[in-house]
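Remarks on the structure that follows.
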Ligand SMILES: [Ca+2]
């Protein structure tokens, strides 16, 4: 039989271990959706109530346009924060990396956004065009991609379906860069959008997103999908109880 003090210390250590593994590296925000939800993410005002779906399937975030016409399907999911993250409006200089899997060699699967202004929707965006192997960096003053879009740069890339590839949008001061699988493809200078949150954006194709990672000096150290899931924690608790 273990004493009450031993039991206390065992429980204390388990909780500390879970907190340490959840926090991770300094200045890094992570969401790998392995906890089965997308807590903290919210749809943009554009088509906010349309019948497209954003769902977590086997630890990946899936967008399905549900065969709606593009102007009803187009949708964005912004990270707006939750009880763990409250400063998204102050995210200034950071790199956003997202794994993206396309399902067909066709245009209009969208891309990712950074420095999104949650009041009016202004942002920088990377859009991929698998139909013609091109990738573009845009800036845009509002939620709707077609309300004043300006192309800041473009390049070609080798599109591939049914496999994840990493897209990075780097915003450091007025230098905006785009990387694909670690290779720099676009570099531009622009100072219009200075801070704001991140977003995933799709027009009218099925797209999978995973491993959202943001790094920067004012980015909180948060893992939105903790290493020790509720199921595993219950297992650990069960193990402790059996030994008591
Ligand atoms: Ca995942």
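Here are 132, 204: which of them is touching a helix residue (DSSP H, G or I) at 6+ places or on another chain (Cβ under 6 Å) and assigned to a loop (DSSP other than H, G, I, E, B)?
Working: 132 fails: touching a helix residue (DSSP H, G or I) at 6+ places or on another chain (Cβ under 6 Å).
Only one candidate passes the filter, namely 204.
Among the residues of region 79-96, those identified as within 15 Å of the chain's Cα centre (by Cα) and farther than 14 Å from residue 176 by Cβ are 79, 80, 81, 82, 85, 88, 91. Among the residues of region 36-49, at least one is over 12 Å from the mean Cα position of the chain (by Cα), within 15 Å of the ligand (Cβ to nearest atom) and at pLDDT 95 or above.
Out of 145, 100, one residue alone is crowded, with 18+ Cβ neighbours inside 10 Å, in a loop (DSSP other than H, G, I, E, B) and touching a strand residue (DSSP E or B) at 6+ places or on another chain (Cβ under 8 Å). It is 145. Within region 197-216, residues that are in the same structural domain as residue 115 (by TED's automatic domain parsing) and over 12 Å from residue 29 (Cβ atoms) reach partners that are surrounded by 20 or more Cβ atoms within 10 Å (Cβ to Cβ) and at pLDDT below 95 with beta carbons closer than 8 Å, at six or more positions or on different chains, in the pairs 201/145; 203/145.
For region 71-82, the tally of residues that are at pLDDT below 95 and within 16 Å of the ligand (Cβ to nearest atom) stands at 0. With respect to the numbered conditions (1) touching a residue at least 12 places away in the same chain (Cβ under 8 Å); (2) assigned to a loop (DSSP other than H, G, I, E, B), which one is the sole condition not fulfilled by residue 178? Only one criterion in (1) touching a residue at least 12 places away in the same chain (Cβ under 8 Å); (2) assigned to a loop (DSSP other than H, G, I, E, B) is unmet by residue 178, namely (2).
Can you find even one residue in region 2-17 that is under 23 Å from residue 219 (Cα atoms) and at pLDDT below 95? Outline the logic, then answer.
First, pick out the residues of region 2-17 that are under 23 Å from residue 219 (Cα atoms): 16-17.
Remaining after also requiring at pLDDT below 95: 16-17.
So far as region 2-17 goes, yes, one or more of its residues are under 23 Å from residue 219 (Cα atoms) and at pLDDT below 95.
Once region 204-221 is narrowed to residues that are surrounded by 20 or more Cβ atoms within 10 Å (Cβ to Cβ) and more than 13 Å from the ligand (Cβ to nearest atom), the residue that is farthest from residue 72 (Cα to Cα) is 219.
Annotation note: of 63, 33, the sole residue that is assigned by TED's automatic domain parsing to the domain that holds residue 143, within 16 Å of the ligand (Cβ to nearest atom) and assigned to a strand (DSSP E or B) is 63.
If you go through region 56-70 and keep only what is under 21 Å from residue 143 (Cα atoms) and either modelled with pLDDT under 95 or loosely packed, with under 13 Cβ neighbours inside 10 Å (or both), you end up with 69, 70.
Would you confirm whether any residue within region 89-111 is within 16 Å of the ligand (Cβ to nearest atom) and more than 28 Å from residue 174 (Cβ to Cβ)?
Yes, there is a match, as at least one residue in region 89-111 is within 16 Å of the ligand (Cβ to nearest atom) and more than 28 Å from residue 174 (Cβ to Cβ).
The values are calculated or read from the model by the stated rules, or taken from the named source; none is laboratory data. All figures in this text were calculated on a predicted structure; none of them were measured in a lab. Every residue, glycine among them, receives a Cβ derived from its backbone with ideal geometry; neighbour counts consider all protein chains shown.
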